[in-house]
Amino acid sequence: MFVSEALAIGSAICIALSSMFVSDLNGRIPIMQLARWQLTASFLMTSVAATAFNGWMTLGAWQISALMSSGLFGIVIASTTYFATIYKAGPRLTALLFSLTSPFALVLAYLTFGETIRLMQGLGVVAIVLGIMIAIHFPLHTQAPEISPPKVKQPDLVKSEPTHPSAIGIVLGVITAFGQALGSLFARPAMASGVEPFAAMAIRLGLAVIFFWALLVLPSVRHQTKPIQKADLGVAVISAFFGTTLGMTLLMGALKSGNVGLVSTLSSMTPIVILPMVWLRTRQRPRANAWAGAGLAIIGTALISLA
């Protein structure tokens with residue numbers, strides 16, 4: 001009875017886990033190299049799954065064209081800025097900024113398909129923006145204790161969760177959400193025609209893989225490449241598995257049998273889910289304002305999706 005809801009929540013957990021793994025690579029792998037590794041791993045996994053489920057048979061010429069356009073905005077652009085946002089702003093704020101995908105998709109649907117924006121949806125946009133503003137204005141960590149503890153080596157994630165994120169990180173997060181919304185807009189007709197989800201993801205990822213490997217012809221990109229470390233490569237592959245492969249598959253499965261609005265809302269719980277993960281990893285409890293901001297973002301997504 002609650003299978004679709006469980007799949008949607010599982011999708012949010014997987015995407016949060018993926019963000020945490022990516023944040024562990026901050027300072028160890030350049031962004032372009034990380035994109036090549038992760039997207040290539042996701043492409044191979046989704047291609048194998050598409051073959052196993054005969055997904056290639058569901059593709060036609062126009063669907064491939066639409067999905068490639070979706071991949072250009074939703075993966076080539078959005079994935080690059082997504083990784084950069086995690087590096088600059090940390091996984092917690094990245095998850096919140098990603099909530100802007102819903103308002104952007106709402107506006108794009110209004111401009112493209114003439115869909116009506118209702119009052120509840122407008123209130124949802126306000127709630128999301130307010131939640132993000134609260135998260136940006138208030139720092140992540142609790143107040144310092146009166147007696148300073150002895151200095152110890154902090155885990156890598158502490159460095160990737162800045163108390164006051166840079167403006168560049170925030171801008172990159174907004175670009176990520178807008179690119180993701182555009183990618184969804186282009187993919188919608190193809191998915192509505194019955195394209196198998198793994199095959200759709202493989203087409204979208206294939207374009208991105210070609211693009212990022214082709215960038216190696218540029219000397220500036222080649223010079224940023226570091227020698228492959230097995231541990232780092234393993235983390236990148238695990239992140240790709242939880243994020244693009246498993247997370248998106250669970251979401252597609254949830255949408256098959258569940259209410260679209262409810263599934264979209266539950267799958268957007270990443271800003272809340274990621275807070276205890278950050279708490280466990282950094283051993284620093286997020287402020288009440290962080291929980292409030294994440295909660296407002298989820299409420300806003302619910303108002304947009306369920307209206």
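The values are calculated or read from the model by the stated rules, or taken from the named source; none is laboratory data. A quick note: this is a predicted structure, and the numbers were derived from the prediction, not measured. Here the Cβ positions follow ideal geometry from the backbone for every residue, glycine too, while neighbour counts run over all protein chains shown. Each accessible area value is taken on the protein alone, full model and side chains, heavy atoms only, with ligands, DNA and RNA left out. Shrake-Rupley method; radii C 1.70, N 1.55, O 1.52, S 1.80 Å.
Every residue in the range 73-120 that is crowded, with 22+ Cβ neighbours inside 10 Å and on the phi > 0 side of the Ramachandran plot, please.
G90
Got a number for residues in the range 187-221 being within 21 Å of A78 (Cβ to Cβ), open to solvent by 60 Å² or more (accessible area, probe 1.4 Å) and either touching a strand residue (DSSP E or B) at 6+ places or on another chain (Cβ under 8 Å) or modelled with pLDDT of 90 or more (or both)?
Final tally of qualifying residues: 3.
Please tell me if T80 is β-branched (V, I, T), modelled with pLDDT of 85 or more and under 19 Å from T245 (Cα atoms).
Details: β-branched (V, I, T): yes; modelled with pLDDT of 85 or more: yes; under 19 Å from T245 (Cα atoms): yes.
It is true that T80 is β-branched (V, I, T), modelled with pLDDT of 85 or more and under 19 Å from T245 (Cα atoms).
Considering only helices (runs of 4 or more DSSP H) fully contained in the range 84-171, which possess at least 3 residues that are modelled with pLDDT of 70 or more and in contact with a Pro (Cβ under 9 Å, 6 or more places away or on another chain)? Step through it out loud before you land on a result.
Details: elements: 101-113, 119-137, 156-160.
In the range 84-171, the matching helices (runs of 4 or more DSSP H) lie at 119-137.
Would you check which residues across the range 1-23 are open to solvent by 40 Å² or more (accessible area, probe 1.4 Å), assigned to a helix (DSSP H, G or I) and not aromatic (F, W, Y) and list them?
If we filter the range 1-23 for residues that are open to solvent by 40 Å² or more (accessible area, probe 1.4 Å), which is where we start, we get 1-3, 5-7, 9, 13, 15, 17, 21.
Right, trim to assigned to a helix (DSSP H, G or I) and you get 3, 5-7, 9, 13, 15, 17, 21.
Those that are open to solvent by 40 Å² or more (accessible area, probe 1.4 Å), assigned to a helix (DSSP H, G or I) and not aromatic (F, W, Y): V3, E5, A6, L7, I9, I13, I15, L17.
Tell me the residue from S70, S65 that is crowded, with 20+ Cβ neighbours inside 10 Å and of a type in the set (S, T, Y), please.
Details: S65 fails: crowded, with 20+ Cβ neighbours inside 10 Å.
Testing whether each residue is crowded, with 20+ Cβ neighbours inside 10 Å and of a type in the set (S, T, Y) leaves just S70.
Has the range 99-112 got at least one residue that is over 30 Å from E196 (Cβ atoms) and among the polar types (S, T, N, Q)?
Step one: of the range 99-112, the residues over 30 Å from E196 (Cβ atoms) are none.
No: zero hits.
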